[in-house]
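Taking it in order: structure first as structure tokens, then the write-up.
Read the figures in this text as sums done on the coordinates, not as results from a lab. Predicted model, so just to flag it, every value in this text is computed and none were measured. Cβ atoms come from the backbone with ideal geometry, glycine included; neighbour counts cover every protein chain shown.
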Amino acid sequence: MVPHPRDGRVDRIRQLSSPPEGVIKRRVLGLTMSIQKIAVLGAGQMGNGITQVAACAGYEVTMIDIEQDYVDNGMATIEKSLSKLVSKERLSEEEANSALSRISGSVDRNSAANVDLVVEAIPEIPELKFSTFAELDGICQPNTILASNTSSISINDIAAATNRPNKVIGMHFMNPVPIMKLVEIINGSETDTEVTAAVIEANEKMGKRALCCNDSPGFVSNRILCPMINEAILTLQDGVAEPEAIDGIMKLGMNHPIGPLALADLSGNDTVLHIMNVLHDGLGDDKYAPSPLLVQMVADGKLGRKSGQGFYSY
Ligand SMILES: NC(=O)c1ccc[n+]([C@@H]2O[C@H](COP(=O)([O-])OP(=O)(O)OC[C@H]3O[C@@H](n4cnc5c(N)ncnc54)[C@H](O)[C@@H]3O)[C@@H](O)[C@H]2O)c1
């Protein structure tokens, strides 16, 4: 049988899904990268969720944002989420308090100086991510792993802003972080296998399933998900059905927990548009062109839940 041209890449992904043998040997000798302390950059929707699951897993976490109000809001969200888990008896009060005691807030990025892993969850603006990674590279110890929660920006481009591209990796948590099981791990072309293994181990400790892919526009999750959402918007634009029917057909017929239009509203229509543009530009195929209705809605400020109006009213 003629091997598929991409078989080599698939083998590499398989290897990275479990720690390579060499790493296991080094771990026995106590030389493997060990993650004890974590800094999360950004206390927003994703950052506070990541902080919560890391603290619940026993890590010391510093949650850093640019203003104290944002840190306080992030902390308040975590406290609310933990007490909800306590009331549902999925966590004891003692465990919740102990997780909270492991979290500290900061508005100083130098607080990341002595951590083993930084998870960046700041806005999806390429220049902001690049300058932030360059800054973190100067602040953190040489061995610190720098991970990005980006939904769409190339890990290789982010890594190129640092002098440690072998220690840069994508750690793509899903929203809402405390509930969703998956973390999509994106290996840059220079990411060390040891770094991947350490990050997989940390994710598993957080109760997540880590699945690996290589750096490519949209990675796996958004390359498949966003074109489906875009197709649902084209279906609406073509007058094939009303939003409730489109979402209902996908929920009841395909067993999706949420319809594609409701999911666009939840993620933010601006985010969906941004990712479609990344796919369109990065893969150079017009099948990824964003639907005109999506472009129009974003221009009109109909961003979904966060603006009160999207495919539905909130
Ligand atoms: N929201 C989602 O559904 C989702 C899902 C997966 C991945 N992501 C990705 O996660 C990242 C964050 O998204 P979000 O939804 O949490 O955004 P958000 O706007 O809720 O939070 C971002 C936070 O970062 C802070 N911030 C901005 N610049 C900073 C800096 N230089 N240092 C420290 N903090 C800074 C902001 O003040 C804000 O509190 C983005 O890259 C996004 O693409 C989002």
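The order of the peptides 274-281, 83-90, 45-52 by mean Cβ neighbours within 10 Å, most packed first, is 45-52, 274-281, 83-90. Can you compute the helix-only [θ] at 222 nm over the chain? Use -39500 (n - 2.57) per DSSP H run of at least 4 residues, normalise by all residues, nearest 500 deg cm²/dmol. -15000 deg cm²/dmol, from helical runs alone. Placing unit charges on the Cβ atoms only, positive for Lys and Arg and negative for Asp and Glu, gives segment 222-307 a dipole magnitude near 260 debye about its Cα centre.
Going by Cα centres, segment 39-93 and segment 166-228 are how many Å apart? Value for the Cα centre distance between the two parts: 20 Å.
Under a 5 Å amide H cut-off, with hydrogens placed 1.01 Å from N, Gly268 pairs with Arg305 among residues at least 5 apart or on other chains. Using θ = phi - 60° in the Karplus curve 6.51 cos²θ - 1.76 cosθ + 1.60, the 3J(HN,Hα) couplings for segment 100-112 round to 4, 5, 8, 9, 10, x, 7, 10, 10, 5, 5, 5, 8 Hz; x is entered for Gly and Pro.
If you bin every alpha carbon distance in segment 201-249 into 10 Å steps from zero, what whole percent lands in each bin? All Cα pairs considered, the percentages come to 22, 29, 25, 20, 4. The residues neighbouring Phe133, those whose beta-carbon lies less than 12 Å from its own, together hold a net charge of -1 under the Lys/Arg +1, Asp/Glu -1 convention. Restricting the trypsin sites (Lys or Arg not before Pro) of segment 131-224 to loop positions (DSSP other than H, G, I, E, B) with no more than 14 neighbouring Cβ atoms within 10 Å leaves Lys181. In this structure the amide hydrogen of Thr150, modeled in the peptide plane, comes within under 5 Å of the amide hydrogens of Met171, none closer than 5 places in sequence on its chain. With the gyration tensor restricted to C-alpha atoms of the chain, the semi-axes of the equivalent ellipsoid amount to 32, 25, 19 Å, longest first.
Measuring how big segment 222-307 is from its alpha-carbon positions, Rg and Dmax come out at 12.2, 34 Å. As a rough guide to protection, the peptides 290-301, 138-149 ranked by mean Cβ packing within 10 Å, highest first, stand as 138-149, 290-301. Summary of packing: across the peptides 117-126, 237-246, the per-residue average of other C-beta atoms within 10 Å ranks them, highest first, as 117-126, 237-246.
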